[in-house]
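K.L.:
A single structure is presented below for examination.
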Amino acid sequence: MDLRAARDVNNGFGEGLATAFELVVTPLLMGFFGWLLDRWLGLHLVFALSFGLFTFGYLVWKLAVRYDHEMAGHASDAPWSRPSVLRSVAGRATPPEDAVESEDV
């Protein structure tokens, strides 16, 4: 394995661990702050659950948006997204758009 591939694998592991940590710890931390607020106001887990669930929902939404953005970047760099490849795959070259077909035959 070359150094670039090894670096990409290690970066992938690091990003995966950071995302997992963020998905677990951030809602728990916000739930804890909600629990403290619930204790202070004399409520029963109202803010703890709402803060934790809202934070988890936001993180899932953020992860989905980031994934879509990264995949759009990969797809735009892919060979099958280039117009010349699309024409050659179709098996024929398309005429230029400014070409006029003559109706005289």
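The values are calculated or read from the model by the stated rules, or taken from the named source; none is laboratory data. No experiment lies behind these values; they were computed from the predicted model shown. When we count neighbours, we look across all protein chains shown, and the Cβ atoms used for this are built from the backbone with ideal geometry, even at glycine.
K.L.:
Contact list please: Cβ distance under 6 Å, first residue in segment 17-32 and under 15 Å from Lys62 (Cβ atoms), second residue aromatic (Phe, Trp, Tyr) and part of a helix (DSSP H, G or I), pairs at least six apart or on different chains.
P.N.:
Listed pairs, sorted by first residue: Pro27/Phe56; Met30/Phe51.
K.L.:
Follow-up. Among the residues of segment 1-40, what is the count of those that are acidic (Asp, Glu) and closer than 17 Å to Gly52 by Cα? Working first, answer last.
P.N.:
Of all residues in segment 1-40, those acidic (Asp, Glu) come to 2, 8, 15, 22, 38.
Filter once more, keeping what is closer than 17 Å to Gly52 by Cα: 22, 38.
Result for segment 1-40: 2.
K.L.:
Need pairs with beta-carbon distance below 7 Å; first residue at pLDDT 90 or above and within segment 52-76, second small (Gly, Ala, Ser); sequence gap 6+ or separate chains.
P.N.:
Close Cβ pairs (under 7 Å, with a partner that is small (Gly, Ala, Ser)) amount to Gly52/Gly31; Gly52/Gly34.
K.L.:
What tally of residues in segment 22-61 results from selecting those that are within 17 Å of the chain's Cα centre (by Cα) and farther than 18 Å from Gly12 by Cα? If you could, list the steps in order and put the result at the bottom.
P.N.:
Residues of segment 22-61 that are within 17 Å of the chain's Cα centre (by Cα), as a first pass: 22-23, 56-61.
Filter again for farther than 18 Å from Gly12 by Cα, leaving 56-61.
The qualifying residues number 6.
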